[in-house]
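Below is one structure; the comments refer to it alone.
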Amino acid sequence: MSSDRFRSARWAVVEELGDGRWRLTIRDEADDELGSFGLGVEGPWDPDVEPHVGFVLTQIGLALTGARPWREDELGDQRAPVLPLAPVG
């Protein structure tokens, strides 16, 4: 998948939908949605879901920023800053 779609990405937001379902949303600086993904993993945020989210971000060309990037936002969702990965080559 091309990282061009997510070039302006600044946030990864993960929402618990209930019944062990999770949704990852990629958002820009204005908090507008650039794309979303249903996550096919069940369980608690840590240790089950968080590593899966990191894998998905890498696959779409994004990387988490900071040593401890995940924070709970005002809506109770997990939110972390992201930046596009540098192109290889």
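The values are calculated or read from the model by the stated rules, or taken from the named source; none is laboratory data. Computed from a prediction, not measured in an experiment: that's the story for all the values here. Glycine also receives a Cβ, built like all others from the backbone with ideal geometry; neighbour counts cover every protein chain displayed. In case anyone asks, the SASA skips ligands and DNA or RNA and just uses the protein heavy atoms, side chains included. Shrake-Rupley method; radii C 1.70, N 1.55, O 1.52, S 1.80 Å.
Quick look at the numbers
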item: Nonlocal amide H pairs with V41, under 5 Å, H built at 1.01 Å; result: W22
item: Two-site label geometry, F55 and D77: point separation in nm, points 7 Å out along Cα→Cβ; result: 2.3
item: Spin-label pair V41/E29, simplified geometry with 7 Å Cα→Cβ offset, distance in nm; result: 3.0
item: Accessible surface of the chain, 1.4 Å probe, proportion on carbon and sulfur as whole %; result: 49
item: Among A67, A30, A12: highest mean-square fluctuation, GNM of the chain, C-alpha pairs under 10 Å; result: A67
item: Under 5 Å, built H, 5+ apart or other chain: amide partners of L34; result: I26, R27, D28
item: Pair R7, A67: separation of 7 Å Cα→Cβ label points (nm); result: 3.4
item: Compactness relative to 2.2 N^0.38 Å, alpha carbon Rg of the chain; result: 1.03
item: Helix 50-59 axis, angle to the chain major axis (alpha carbon atoms, nearest 10°); result: 30
item: Whole-number accessible area per residue in Å² for the chain, which is evaluated in the context of all protein chains at 1.4 Å; result: 61
item: Those trypsin sites (Lys or Arg not before Pro) in the chain that DSSP places in a loop and that have at most 14 other beta carbons within 10 Å; result: R7
